[in-house]
Amino acid sequence: ETGVTQTPRHLVMGMTNKKSLKCEQHLGHNAMYWYKQSAKKPLELMFVYSLEERVENNSVPSRFSPECPNSSHLFLHLHTLQPEDSALYLCASSRDYKDTQYFGPGTRLTVL
Amino acid sequence: AQSVTQLGSHVSVSEGALVLLRCNYSSSVPPYLFWYVQYPNQGLQLLLKYTSAATLVKGINGFEAEFKKSETSFHLTKPSAHMSDAAEYFCAVSDPAGNQFYFGTGTSLTVIP
């Protein structure tokens, strides 16, 4: 138990669907992160929020839209995805921005 | 600028043998260094971290890593591999000012019975 939970654990969606991934941290941290992990590729940092403000956005397509309503919750809204977006999406949190990161179990996303 | 390099994307060892996973970093300032482990279908779990205290860092599951400034290395070791150690291992580096945090590309460890 790392204190970071993600739902759902598995998601299958069509290219025209709209879905959201949820991340919740119970560690009292101030920063939260979204990563994409594809097979045989390095971990890709997508978004970073610190104190509920977005501080980093690494050229992610607009079909991915993050939302951080408070320091404990982070969402990733998905719409009109492509098959190449199929991957494991990992959420992480840290006490402060760029501090030690603690990861959730991930959401395995498959886009048909 | 900082970066981290993990030599060997795949490492195989026999059960009971020494595990050595290599990580080299480049950093303009003394860095913080981390090792994470990822078991199949799970997120990353922190194994250990170096934050400028003792150069030999002990982590969970019998792993340890030694910070060697002269070699810019932070290799992960375990004296005796267990089947349950089979996983993906990631090295990461950040600078104490918190300006950057980078993960390596990962090393997949296979343990042969």
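The values are calculated or read from the model by the stated rules, or taken from the named source; none is laboratory data. Since this is a predicted model, take the numbers as computed values, not measurements. Backbone-built Cβ (ideal geometry, glycine too); neighbour counts: all protein chains shown.
Checked across region A:47-56, the condition of being within 21 Å of residue A:11 (Cα to Cα), at pLDDT 90 or above and in contact with a Phe, Trp or Tyr (Cβ under 6 Å, 6 or more places away or on another chain) holds for at least one residue.
How about region B:84-113: which of its residues are under 12 Å from residue B:11 (Cβ atoms) and part of a strand (DSSP E or B)?
Filtering region B:84-113 down to residues under 12 Å from residue B:11 (Cβ atoms) leaves B:85-89, B:106-112.
Across region B:84-113, the qualifying residues are B:87, B:88, B:89, B:107, B:108, B:109, B:110, B:111, B:112.
Among the residues of region A:66-106 satisfying the criterion of being part of a loop (DSSP other than H, G, I, E, B), more than 10 Å from every other protein chain (Cβ to nearest Cβ) and of a type outside the set (Lys, Arg), which is surrounded by the fewest Cβ atoms within 10 Å (Cβ to Cβ)?
Residues of region A:66-106 part of a loop (DSSP other than H, G, I, E, B): A:71-72, A:80-82, A:86, A:95-100, A:104-106.
Subsequent filtering for residues that are more than 10 Å from every other protein chain (Cβ to nearest Cβ) retains A:71-72, A:80-82, A:86, A:95.
Subset that is of a type outside the set (Lys, Arg): A:71-72, A:80-82, A:86.
On the way: A:71: 17, A:72: 16, A:80: 14, A:81: 22, A:82: 10, A:86: 17.
Selected residue: A:82.
Being within 12 Å of another protein chain (Cβ to nearest Cβ), hydroxyl-bearing (Ser, Thr, Tyr), out of contact with any Gly (no Cβ under 7 Å at 6 or more places or on another chain) and in contact (Cβ under 8 Å) with a residue 60 or more places away in the chain: is that true of residue A:50 here? No; evaluated as a whole, the condition is false for this residue. The strands (runs of 3 or more DSSP E) located wholly in region A:1-49 that include 2 or more residues which are among the aromatic types (Phe, Trp, Tyr), within 11 Å of the chain's Cα centre (by Cα) and surrounded by 14 or more Cβ atoms within 10 Å (Cβ to Cβ) occupy A:31-37.
Out of B:44, B:76, B:7, one residue alone is within 27 Å of residue A:91 (Cβ to Cβ), aliphatic (A, V, I, L, M) and modelled with pLDDT under 95. It is B:44.
A quick yes/no check of all residues on (1) touching a residue at least 24 places away in the same chain (Cβ under 8 Å); (2) more than 10 Å from the chain's Cα centre (by Cα):
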site: B:21; (1), (2): yes, no
site: B:27; (1), (2): yes, yes
site: B:35; (1), (2): yes, no
site: B:43; (1), (2): no, yes
site: B:47; (1), (2): yes, no
site: B:53; (1), (2): no, yes
site: B:56; (1), (2): no, yes
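Only a single item in (1) in contact with a strand residue (DSSP E or B) (Cβ under 6 Å, 6 or more places away or on another chain); (2) in a loop (DSSP other than H, G, I, E, B); (3) closer than 30 Å to residue A:109 by Cβ is not met by residue B:81, and it is number (3).
I'd like the residue in region B:61-95 that is among the hydroxyl-bearing types (Ser, Thr, Tyr) and crowded, with 20+ Cβ neighbours inside 10 Å and, out of all such residues, is nearest to the chain's Cα centre (by Cα).
Within region B:61-95, the first condition is being among the hydroxyl-bearing types (Ser, Thr, Tyr), and the residues that meet it are B:70, B:72-73, B:77, B:80, B:84, B:89, B:94.
Then keep just the ones that are crowded, with 20+ Cβ neighbours inside 10 Å; that gives B:89, B:94.
On the way: B:89: 6, B:94: 13 Å.
So the residue we want is B:89.
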